[in-house]
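Quick note: the coordinates plus some simple rules give every number you see, no bench work behind them. Here the structure is a predicted model, which is why all the values come from computation and not from measurement. Don't worry about glycine lacking a Cβ; one is built from the backbone with ideal geometry, like all the others, and counts go over all protein chains shown.
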Amino acid sequence: MFTATGRAARIALVTTTALAGLATAASAQELSGTITVWSWTAPARGVEAAIPGFVALHPGVTIKVEDVGNPAIWDKITTGMAAGGAGLADVLNIGIDYMGNYVETFPGGLANLSTMGADDLAAQFPSGMWASGSGPDGAVYGIPYEVNTSGFFYRKDLFEKAGIDINSIATWDDLIAAGPKLKEATGADLIAMDKAATVADSAGLWQLLTNLQGAFYFNAAGEITMNGPAGVRSLELIKKANDAGVVADIPGGWDNFMMQIKGQTNVAVIPAASWAAGVFESEAPDMAGKWGLRLPPSVEAGGLTAAISGGTYLSVAETSTNKQLAWEFVKYALGTLEGQQAVYEGGGMFPGFKPMLESDGFIKKSAYFDAEVNKFFIDELGQDTPIVNYTTDYARALKAYTDAQTQVLLSGADPKTVLDEAAALVAGQTERTIAK
């Protein structure tokens with residue numbers, strides 16, 4: 001996406017000029033009326049925080065934010081889309097795993113923001129995240145709001161007790177090889193997984209490993225790739241760790257995640273999205289100094305150490321009766337430094353907006369991790385993270401995969417065999433072809 005080099009001053013000058021132009025153009029327009037935004041909890045607070053600054057530029061407009069709740073918002077948006085857009089809010093907070101579904105299933109349901117000038121912002125966001133909010137034709141249907149990269153959290157105290165230098169671990173093979181030594185010295189399992197796949201998050205590790213290889217369940221053409229070389233390699237690594245006896249069988253869910261970060265469940269590594277950094281600090285303050293943070297190991301030597309592990313967008317409903325106001329508010333909140341600063345301070349969602357990432361004070365040392373946390377995630381966004389193709393059939397592929405994973409973890413099944421079977425099942429359910 002960008003490099004933090006001596007070009008920073010020139011970039012800042014260009015960015016400042018460009019943003020001033022955006023603000024001037026927006027201010028010159030006579031906006032009026034009321035729009036409603038659908039979001040949930042923390043993201044909703046972030047959106048609300050941007051309202052005062054926007055209203056100061058456009059007196060007389062009214063922005064209402066409704067905390068619909070998550071996952072309730074997905075049912076509400078889907079119902080509205082199925083009804084031809086009836087009852088939808090003007091601005092919709094949409095998860096990356098739902099975006100492709102809405103664009104494909106309900107063509108014309110979301111406003112084409114490219115026609116409103118969204119393409120001018122493309123260079124200011126991570127390419128993979130930006131493209132994942134666009135349709136097959138390249139039209140933009142959402143501006144990145146929250147950008148979750150993959151955090152790799154590890155127990156510094158346990159690795160030190162076992163005499164293992166975390167910096168010597170470059171690949172996942174290295175990590176798995178260190179697992180038995182770590183367990184013998186500390187009693188801790190290397191990692192936890194929900195082996196029976198009681199929740200969808202049970203696929204999280206496989207998705208991370210596969211994305212680190214530039215692949216996912218589907219490719220850009222919509223073909224099934226979950227049983228391709230990358231997917232098989234990922235499940236082989238998971239089986240390798242399980243066979244080594246270093247994978248704890250812990251049901252999924254928030255409460256069990258809390259037990260891990262609080263040290264109540266003895267695991268040494270937690271791969272989690274970037275948003276989790278704040279959760280560690282707020283929910284497990286007594287563990288300060290025990291948890292460390294670094295970039296994820298690569299799957300292959302010299303490979304990617306970054307992956308997009310989720311995120312959200314702000315989109316405009318095509319049925320909005322005030323699309324111009326809706327777009328101008330989205331552009332202000334996510335496409336200006338002033339708006340992004342307000343959104344970040346209000347909700348704490350990690351942004352992808354380059355000027356925000358480069359702004360003074362954004363990178364600061366965390367006493368909890370004894371590290372510059374934001375810099376890790378900026379370094380990830382600076383890598384060529386691949387597009388994540390969820391499509392309309394993500395839920396089917398996810399279920400087929402987790403069933404396959406359970407066979408591997410509980411019955412020792414062969415990864416290639418069960419993934420081929422899973423891909424065939426998805427192909428039969430969706431009429432999609434399996435990539436050659």
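Normalised by 2.2 N^0.38 Å, where N counts its residues, the alpha-carbon radius of gyration of segment 315-382 equals 1.37. Placing a pseudo-label 7 Å from each Cα along the Cα-to-Cβ vector at ASP255 and GLU345 gives an inter-label distance of 3.8 nm. With kT/(6 pi eta Rh) evaluated at 4 °C and eta = 1.567 mPa s, and Rh the Kirkwood radius from Cα pairs, segment 229-370 diffuses with a coefficient of 69 µm²/s according to Stokes-Einstein. The 3J(HN,Hα) values that the Karplus relation (6.51, -1.76, 1.60; θ = phi - 60°) gives for segment 294-311 are, in residue order, 8, 6, x, x, 7, 7, 10, 3, x, x, 4, 10, 8, 7, 7, 10, x, x Hz. Gly and Pro appear as x. Cross-link partners for LYS323 among the lysines, with Cα-Cα distance under 27 Å and sequence neighbours closer than 8 places in the same chain left out: LYS64, LYS76, LYS331, LYS354. Bridgeable aspartates and glutamates around LYS183 (alpha carbons under 20 Å apart, same-chain partners fewer than 8 residues away excluded): ASP157, GLU160, ASP165, ASP173, ASP174, ASP194, ASP243, ASP249. Taking label points 7 Å from Cα along the Cα-to-Cβ direction, ASP370 and ASP420 give a separation of 5.0 nm. Think of each Lys and Arg Cβ as +1 and each Asp and Glu Cβ as -1; about the Cα centre, that makes the dipole of the chain roughly 400 debye.
Here the calculated FRET efficiency for SER282 and THR433, from their Cβ-Cβ distance with R0 = 45 Å, stands at 0.45, rounded to the nearest 0.05. Were the residues from ALA170 through THR198 laid out at 0.36 nm apart, the gain over their Cα-Cα distance would be 7.0 nm.
Among bridges DSSP assigns within the chain, what percent are antiparallel (round to 5)?
Taking every DSSP beta bridge with both residues in the chain, the antiparallel ones total about 60 percent.
Suppose R0 equals 45 Å; then what is the FRET efficiency for GLN383 and ALA56 from their Cβ-Cβ distance, rounded to the nearest 0.05?
0.75
Ignoring GluC sites (Glu not before Pro) that are buried or in helix or strand per DSSP, and keeping those with at most 10 other beta carbon atoms within 10 Å, what is the longest stretch of the chain between them? Free of exposed loop sites, the longest segment is 31-430.
In the chain, if the dipole is taken from +1 on Lys/Arg beta carbons and -1 on Asp/Glu beta carbons about the Cα centre, which of THR62, GLY303, VAL408 is farthest to the positive end? Value computed over the given set: GLY303.
Measuring from centroid to centroid over Cα atoms, what is the spacing of segment 215-279 and segment 280-295 in Å? Here the answer is 19 Å between Cα centres. Between amide H atoms placed 1.01 Å from N, distances below 5 Å from ILE434 occur with ILE224, all of them 5 or more places distant or on a separate chain. What the phi angles of segment 222-232 give under the Karplus curve with 6.51, -1.76 and 1.60, with θ = phi - 60°, is a coupling list of x, 7, 7, 10, 4, 9, x, x, 5, x, 5 Hz, glycine and proline written as x.
Distance from the Cα centroid of segment 29-82 to that of segment 311-333 is 9 Å (rounded to whole angstrom).
Measuring between their Cα centroids, segment 103-166 and segment 168-187 lie 31 Å from each other. Under a 5 Å amide H cut-off, with hydrogens placed 1.01 Å from N, ASN389 pairs with PHE218 among residues at least 5 apart or on other chains.
Placing dummy labels 7 Å off each Cα toward the beta-carbon, the span from ALA42 to ASP360 is 2.7 nm.
Between amide H atoms placed 1.01 Å from N, distances below 5 Å from THR36 occur with LYS64, ASP90, VAL91, all of them 5 or more places distant or on a separate chain.
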